[in-house]
Structures are given as C-alpha cells and as structure tokens.
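Novice: My structure is below; once you've seen it, I'll send some questions.
The values are calculated or read from the model by the stated rules, or taken from the named source; none is laboratory data. Quantities reported herein were computed from a predicted structural model and do not represent experimental measurements. Using ideal geometry, Cβ is built from the backbone for each residue, glycine included, and neighbour counts are taken over all protein chains shown. Protein only, heavy atoms only, side chains kept; ligands, DNA and RNA dropped before computing areas. Shrake-Rupley method; radii C 1.70, N 1.55, O 1.52, S 1.80 Å.
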Amino acid sequence: MYQINEFVDERQKSWCIHCGAGNGGVDTNRDHVPSRTLLRKPYPANLPVVRICSACNESFSRDEEYLSLFLRCVIAGTTDPDGHKNPKVARALKRHDKLRARIERSKSERWTVDGESVPEWQPEIERVNQVVLKNARGHAFYEYGEPMMAEPARVWAAPLAVMSEAEREAFEDDTAGTLVGWPEVGSRMMIRAVEGQDLRDAWIVVQKGVYRYRVDQCDTLRVRSIIHEYLATEVCWTGS
Ligand SMILES: [Zn+2]
C-alpha cells in the first residue's frame, strides 16, 4: 500500500481508541489494522497502523486468531492441517490444536431439499464481532482521524454467499455515504479521495482478494470490509 502521512489533530492520538485509556501513562503497541493474521504472506508494505494500549492489543489477539483460522477452515472445507495449502495456516492449525477441535465441533451437516448433505459452520459470533469492531475502529481512525469509542448502532458480518444479488450489489456499490460529508483536510481519506491511492470504487484494497475496506461518512460513520472475498462486515455509528 502507499504510505500516506496525515496531518489531523495530534491531540486525537493521545488515548487508546478502544478503551479510552490515556496513552501517556500506559504501555502501547503499534497495532496493524487489519491484523496480519487476516492477511497472506508476503504482507503488503505500509500496512495501516494505529497506536493502542497493550492491554487492548493483547485482549484482541485470541479472537483474531480464531476468526482467521475459522475463515480459512470454512473456505478450505476442513480443519485438517494437511488440507491447507497455505503453510502458515497449516502450522497455526497444528499449533492451536484446542482451537482446531473447537472449530471442528462447530461444523455440522445440513440436508438440502434435494437430499444433498452440505457442511455448515457455526461461527462464534461474539468473537467475530469483537474483531470486526476492532478493525472498524482502526479503519475509521486511520482514515478520518476519528476515535469512535461510542457503542456502535450495528455490528454485522455475513458470508457474501448468503446475500442476495441485490444485497450484495448494495453492499459493494452503495454510494449513499461516499463523500457526502467531506473528510477533514489532511486526513488520509481526504488524500485518497484526491489522489486515488489504493482506492478501487471507494474500496481501499489492503491485499487483493484477501482484505479490502471502505469508510463512508454521511450522518453516521460506516465501515465495511470484505475478508478473503468471503465475509462481508459492517459497523455503523449513529450521528453524534
Ligand atoms: Zn486500550
């Protein structure tokens, strides 16, 4: 990705965007958004980074590992490490055998009206939502310089495959929010809007086919992402 330096108010960077702790007196980490566990190696250069407190950083890592492995297993159709071509995923499945067993237990068979058996995976939705919200806060802050610490009105995730064509189109192309409110001058989103860096139809592509997101500002701030071209996510905050 392109390195974009922004110039929004420095004061907005002085607290953790997840828990509100002042960054002055606590340990902090540079946190990648999205987490690198959701990406493929080799990682793209200049990944978005925000500084958050170490306690929050640690509290997210188990859920990030879960979501990453869950998605890989659903997409590959198996929790067996030998069934995964990606060596990083195969190694992670071997290393986290309890998590692997837990994901395996979430798999069941569903019978279609045609009498066919199809596998169905039940996600631990609270863990998924934690990661979705964490990434959305990071994307909003990275692009607009806005710390979104309020409870969001909506945190949502669903596979693209279960959405109707119309829903999917609206999710991809809904321009209702795009640049209705102009991003703050100097924010990364403003610079992208002017120069088009990493932008494809309002989506910011972190890694092609792996992770893209968009942040739209209308009367609310809305963050959407598509992970592995499989999972669609959305977080919305109501206007303040
Ligand atoms: Zn924190």
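Novice: Would you calculate the volume per residue, in Å³, of the smallest convex hull containing every Cα atom of segment 64-121?
Specialist: Working: hull volume 4.4 nm³, N = 58.
Cα convex hull per residue, to the nearest whole number: 75 Å³.
Novice: Which order, highest average first, do 104-115, 195-206 follow once you tally other Cβ atoms within 10 Å for each residue and take the mean per peptide?
Specialist: On the way: 104-115: 9.6, 195-206: 15.5.
Most protected by this proxy first, the peptides run 195-206, 104-115.
Novice: Gaussian network model of the chain, Cα springs within a sub-10 Å range: biggest mean-square fluctuation belongs to which of N135, N29, N46?
Specialist: Greatest mean-square fluctuation among the candidates belongs to N46.
Novice: What does the highest-first list of 158-171, 82-95, 60-73 look like by mean Cβ count within 10 Å? Show your work: numbers first, answer last.
Specialist: Values: 158-171: 11.9, 82-95: 14.4, 60-73: 19.8.
Listed from highest to lowest mean packing, they are 60-73, 82-95, 158-171.
Novice: How large is Rg over Rh for the chain, taking Rg from the Cα atoms and Rh as the Kirkwood inverse mean of 1/r across Cα pairs?
Specialist: Working: Rg = 18.5 Å, Rh = 18.9 Å.
A ratio of 0.98.
Novice: What is the percent carbon and sulfur in the accessible area of segment 64-121, measuring with a 1.4 Å probe over the protein chains and ignoring ligands? Could the numbers behind the result be given before it?
Specialist: On the way: 1740 of 3560 Å².
Carbon and sulfur together cover 49 percent of it.
Novice: Then there is this: Mind listing the phi-derived Karplus ³J(HN,Hα) values for segment 197-203, rounded to whole Hz, using 6.51, -1.76 and 1.60 with θ = phi - 60°, and x for any glycine or proline?
Specialist: Coupling constants for segment 197-203: 5, 6, 8, 9, 6, 6, 8 Hz.
Novice: Give me the accessible area per residue for the chain, probe 1.4 Å, as a whole number in Å².
Specialist: Values: 12510 Å² over 240 residues.
On a per-residue basis, the chain sits at 52 Å².
Novice: Find the relative contact order for the chain and round it to a whole percent, using C-alpha pairs within less than 8 Å whose residues are 6+ positions apart.
Specialist: Details: 360 pairs, mean separation 48.9, N = 240.
Here the relative contact order equals 20 percent.
Novice: Further question: With the cut-off at 20 Å, tell me which of the pairs K41/K85; K41/K88; K41/K94; K94/K134 have Cα atoms farther apart than that.
Specialist: Long pairs (Cα-Cα over 20 Å): K94/K134.
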